[in-house]
Amino acid sequence: MKTYKYIFLLIGLSIMGCSDLVEEPIGVLSPDGFFQTTNDIQTAVEGAKTHAINEKFWGRKLSIALMLRSDMVNLQSDQTRRVEHDQLTTLTDNGMISEFWLKTYQGIAAANLAIEGAEQVNVDDDIKNPVVAQAYFIRAFYYFHLVRQFGAVPYLDASVTDAEASSSISRTPADEVYANIISDLEFAKTWLPNTQVSAGIPSKAAASSYLALVYLTMAGTDDQAMFQKAYDEAVEVINTSAYGLDLDDNFQNLFNATEIDNSPEPIFALDYNNVEASNNAYDQIAPMTGIRGDDRNEGGGWSVAVPTEAVYASFDQDDYRTHVSFEEEANIGGVFVTYENFTISGHQHARNTPYIAKYTRYPGEFARGSARATSHNYSMIRFAEVLLIAAEAGVEIGQTGPALMYLNRVRERARLGGDYKTGADVPMTFAPSAVPADLTSITVEDVLEERRVELAFECKRWYDIARRRMGNEVFGASGYEGLKSNFDENDYLMPLPGDELERNPNLQPNNPGY
């Protein structure tokens, strides 16, 4: 991957009513005079992306919250803010929410700054807009996370620079937020090039893929018009050869920091590749999901987000993806152990069940102790998911033949097997197999199950549960994590941070149930 030096733009935090107006700004940068060329716009765009590769966003706070809220990951920690997400008892003062809320709006503010600054750059649209379109994409990316988490949120498409203006900010209805997301993505799709030198830079394929996912999300369980839009958009991505997309022959490559740059599968990624910054910029997903006491990665992980035995048992041992997704053995204190003895470290958070393997095996040369930091490039959307979007939407609109074909393409790749290494750093080759076999018919449930397996621990499952309203089923007594008795329909949305509501009463009332 082409390496970019991510620049923390000097943007004050007092640009929006939903952040603390008295908080010390990161710095001060006015668009006036700074934006002279398209390179200056690109610098601003990089600043907007930088907020996503931060411990408060994808580096830990948001990603781990999404894992814990799903039915795939159990919490091995007694930290209150994590327990609230795991047990769906989230309160308005939850620190994880307040941190990724603020970081998301900082990213939005930076994107707005790039868009506004571009107006001062006097070059033709065909030169300027392909750069500006990246900012539109990034703004849509941030808002898409916000609207799925909170529903109605303040929609800001311009800088807010004074306290009087900020005091009038209120929540924008979710359907209007979605309409603005679609508008931004359509602008991005119009102006972005088909491909970029890195999946960390938005492309036309990324904009189209996100449009498909947005439409699928808006469809819920029964909106046929939105399912049709999702299907059409996903099929366009699949059939556009100029995008150069395909499934990687080796599923493990998608979670190997040294191999993923050459993969044809990632469409848009958050690039942690060799980011030199403060600890808050570090990627911490690997240690959060790693085995306590493991000899790898200078001391192993922290055993925080760990699958249950039932989750592991739900995966087919003859499916290569099982062995890429789960860590089943390790060296702990120089002793080779299988998962039944993972508690050998003696730590209260260690657990005798397979762990998540996607982020700890190949963290790259930049990884620090416990695999903190890493060189991972996290696929926010990849080609396999687009195939499954087309499959799910296709079933809904009666295109079962193509839908079946798209789903089976994903299963066919899994049958190829590939090279990987165990938790004890032993190289392994998983031979091609007949599992998973092609399906001969298809239902929505088949596609959702394929998403659960294919995209396991990639922070997609909670969004699937919420958009398909599956909570009563997956959080019941027979669920993979057992009964989550606190779940109710209000839990599909998180509460807005309480301190934001106190600062700006216009954001009241909070979401139902909070």
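Every number in this text was worked out from the coordinates using simple rules, so none of it is lab data. Every value quoted in this text rests on a predicted model; they were computed, and no experiment measured them. Cβ: placed from backbone, ideal geometry, glycine included. Neighbour counts: every protein chain shown.
Observations, loosely collected:
- Distant-in-sequence amide H partners of I381 (H built 1.01 Å from N, under 5 Å): I267, F268
- Of the peptides 298-307, 448-457, 136-145, 186-195, the ranking by mean beta-carbon count within 10 Å, highest at the top, reads 136-145, 298-307, 448-457, 186-195.
- Rounded if a/c under 1.5, otherwise prolate or oblate - region 396-490, Cα gyration tensor axes: oblate
- Using alpha-carbon coordinates, inclination of helix 125-150 to the longest axis of the chain, degrees: 60 degrees
- Label-point gap, in nm, between N341 and T89 - each point 7 angstrom along Cα→Cβ: 3.6 nm
- Protection proxy ranking of 501-513, 93-105 - average other beta-carbon atoms within 10 Å, highest first: 93-105, 501-513
- Rounded to the nearest 10 degrees, the inclination of helix 174-191 to the longest alpha-carbon principal axis of the chain is 90 degrees.
- Net charge dipole size for region 279-372 [Lys, Arg +1 and Asp, Glu -1 on Cβ; Debye, nearest 20]: 400 debye
- Theoretical ellipticity at 222 nm over the chain - DSSP helices of four or more residues, -39500 (n - 2.57) apiece, nearest 500: -12500 deg cm²/dmol
- Cβ-derived FRET efficiency at R0 25 Å, S314 paired with N472, nearest 0.05: 0.85
- Distance (nanometres) between label positions extended 7 Å along Cα→Cβ at E365 and S485: 5.4 nm
- Total charge dipole magnitude, the chain, about the Cα centre, Cβ charges on Lys, Arg, Asp, Glu only, Debye to nearest 20: 540 debye
- Legend: distances between Cα atoms for K128/K189; K103/K484; K56/K189; pairs beyond 18 Å are K103/K484; K56/K189.
- Per-peptide packing, taken as the mean over residues of other Cβ atoms within 10 Å, places 461-470, 166-175 in the sequence 461-470, 166-175 from highest down.
- Chain lengthening between S433 and A158 when straightened (0.36 nm per residue, less Cα-Cα): 93.6 nm
- Cross-link reach list, aspartates and glutamates versus K229, counting only Cα pairs under 17 Å and skipping chain neighbours closer than eight places: D175, D184, E186, E385, E392, E396
- In the chain, a dipole from Cβ-located charges (positive for Lys and Arg, negative for Asp and Glu) runs towards its positive end, and of F457, V426, Y514 it is V426 whose Cα lies farthest in that direction.
- Potential lengthening of the chain between T43 and D175 amounts to 44.4 nm, from the contour at 0.36 nm per residue minus the alpha-carbon distance.
- Treating r as the C-beta distance of S183 and E449 and R0 as 30 Å, the FRET efficiency rounds to 0.35.
- Three principal axis extents describe the C-alpha atoms of region 184-227; from largest down they are 38, 17, 13 Å.
- Global dimensions of region 279-372 from alpha-carbon coordinates: Rg and Dmax equal 12.7, 40 Å.
- Using 0.36 nm per residue and subtracting the Cα-Cα separation, the extra length available between N239 and S441 on full extension is 70.5 nm.
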